[in-house]
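Working notes, beginning with the structure itself.
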Amino acid sequence: MEQHAMPNKAIVSEEKNIASEQQRLTALVQQTLAQAKKMGATAAEVAVSMEKGFSVNVRMGEVDMVEHHNHKGISISLYVGQQKGSASTSDIANEAITETLQKAFNIARYTSADPYAGLAAKELMAFNYLDLDLFHPWALAPVEAIEIARDCEAKGRAFDKRITNSEGASVSSHDLIAIYGNSHGFIGGFPASRHGISLSLIAQEGASMQRDFNYTVARDPLDLVAINKIAEEAASKAVQRLNSKRLSTRKVPVIFRADIADGLLGCFIAAIRGSNLYRNASFLLDHLGEAVFPKNINLRELPHIRKGLASAPFDGEGVITRESDILKDGILQRYVLSAYAARKLGMQTTGNAGGVHNAVISTSDNDLPGLLKHMDKGLLVTELMGQGVNIVTGNYSRGASGFWVENGEIQYPVEEITIAGNLKDMFAHLVLVGNDVDRRGSIHTGSILLEEMMIAGE
């Protein structure tokens, strides 16, 4: 069965339905904003969304779960001068919306005034925004999804006789419409889709048992990785981890494999996020214009990548998104700010209400084997555990597993170790970023080689 086959008639029908729903929800936002004004609100913003889809899970060839999703919701924020009240509901019928408006208005009337509260500036609104090609429905019935999951799992289990068990294969497909409007006269919205296939397998050899997984996710089902590759990689990763050893405590170079390296850069994004900065809860406070990474590192936000999983023409406050540098030649160019955080810091919003939209780091010409050769001797980290990251101090300590490397080649798998350092030092001593870029999240990065970290083991 071809996992990406899509009957044209079904797709056209779905697109018409979505267009009709988008018009209805847009009218609902307009109506709600008008009601807010009549109630006496000096400003208002409304966000409404509708999501539908399903997910299936198959384990050991048997259907484990079929779940349908059909969620609706509206969120309302009203302002009475500098006083703000917010309320939300999953019921978008007129009576429920009126009640929610009243709740938000009552909160606004009795809450304390906040001099930094209010909408983002009108001149920053995305009155003209791009179509980023984010909506690609998948004409897939749950029964077909189950067969794809079965096929994926069967291929993974057949890859190696040491694959003895499975935690299951999943297939999911979701379509979303999100509309945002405010009393500046801005109303914008667009449909988006998200589809995925994942597989988790268990390998065993003697007393050693290991689990690993792989997945693919895309806006367009045609862009999903073939199930043969998903199965092969999930099985291969599980088998490679068998008979893992522990390491003695030491300081060595460390590579974060691409699929976990985004988490490392996510710590950097958290440290330059406005909410952490105005609370004095970041180790990068007052570092604007300073070198934070080596000169060979650039990080640019590219919010308009077509079909991008984190692409958006405007942020959660209606502010138009634009390409811009976060890091240039290792120097911090800007923070990641919403309108509220920007006011608290005496700055202007960067269009990041809701997060970053495709933060893309510059890479070297090295693939992962090239990074291993450059490192020569050290640790390749492939999995992290625990939450030992302190954004206030930059201290970093997490459980890890991966592979020990010597002479630029993987020697054996390792587990039950802890890697530790300070994020400020780790970023300053980043050596190389590989070209094996993982684009499955809001941060696009290849594997990252750090000069040195402490490994705590035996």
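Nothing in this text is a laboratory measurement; each read-out follows from the coordinates by a stated rule. The structure presented is a predicted model; accordingly, all values stated were derived computationally and were not measured. Backbone-built Cβ (ideal geometry, glycine too); neighbour counts: all protein chains shown.
See the values below:
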read-out: Gyration tensor verdict on region 185-277 (Cα atoms; rounded if a/c is under 1.5, prolate if a/b is larger than b/c, oblate otherwise); value: oblate
read-out: Cα gyration tensor category, rounded, prolate or oblate, for region 131-254 with a/c compared to 1.5; value: oblate
read-out: Mean-position separation - Cα centroids, region 380-458 and region 109-154, in angstrom; value: 31
read-out: Distance (nanometres) between label positions extended 7 Å along Cα→Cβ at Glu123 and Ile410; value: 5.5
read-out: Net length gained if the chain between Leu222 and Ser364 were fully extended (0.36 nm per residue, minus Cα distance); value: 48.2 nm
read-out: Glu99/Asn422 FRET efficiency (R0 45 Å; Cβ-Cβ; nearest 0.05); value: 0.35
read-out: Partners for Lys84 among aspartates and glutamates (Cα-Cα distance below 19 Å; same-chain residues under 8 apart left out); value: Glu45, Glu99, Asp114, Glu317
read-out: Karplus-derived HN-Hα couplings along region 172-184 (A = 6.51, B = -1.76, C = 1.60, θ = phi - 60°), whole Hz, x at Gly and Pro; value: 9, 8, 9, 10, 9, 10, 10, 10, 10, x, 9, 6, 6
read-out: Gain on full stretching of the segment that runs from Met209 to Lys161 - 0.36 nm per residue minus C-alpha separation; value: 16.0 nm
read-out: Backbone N under 16 Å from the Leu242 label point (7 Å along Cα→Cβ), restricted to region 184-219; value: 201-213
read-out: Principal axis box of region 8-240, alpha-carbon based, largest edge first, Å; value: 70, 45, 33
read-out: Within region 122-198, chymotrypsin sites (Phe, Trp or Tyr not before Pro) in DSSP loop having at most 15 other beta-carbon neighbours inside 10 Å; value: Phe127
read-out: Helical mean residue ellipticity (222 nm; -39500 (n - 2.57) per DSSP H run of 4+; nearest 500) of the chain; value: -8500 deg cm²/dmol
read-out: Radius of gyration and maximum dimension Dmax of the chain, Cα, Å; value: 24.3, 73
read-out: Distance (nanometres) between label positions extended 7 Å along Cα→Cβ at Lys229 and Ser90; value: 3.7
read-out: Dipole moment magnitude, nearest 20 debye, the chain about Cα centre, only Lys, Arg, Asp, Glu C-beta charged; value: 1040
read-out: Ranking of Met347, Met385, Met426 by count of other Cβ atoms within 10 Å, fewest first; value: Met385, Met347, Met426
read-out: Dipole axis of region 8-240 (+1 Lys, Arg; -1 Asp, Glu on Cβ), positive-most option in Cys152, Trp138, Gly73; value: Gly73
read-out: Region 8-240 - percent relative contact order, Cα under 8 Å, separation 6 or more; value: 21
read-out: Interchain or long-range residues, amide H under 5 Å from Phe314's placed H; value: Thr321
read-out: Reach of Lys155 by Cα under 17 Å, taken over lysines that are not fewer than 8 positions away in the same chain; value: Lys229, Lys237
read-out: Gained length - Asp131 relative to Met347, 0.36 nm times residue gap less alpha-carbon distance; value: 74.9 nm
read-out: Number of Lys pairs (Cα under 28 Å; 8 or more positions apart or on different chains) in region 250-456; value: 15
read-out: Overall form of region 75-139 per C-alpha gyration tensor (a/c, 1.5; a/b vs b/c); value: oblate
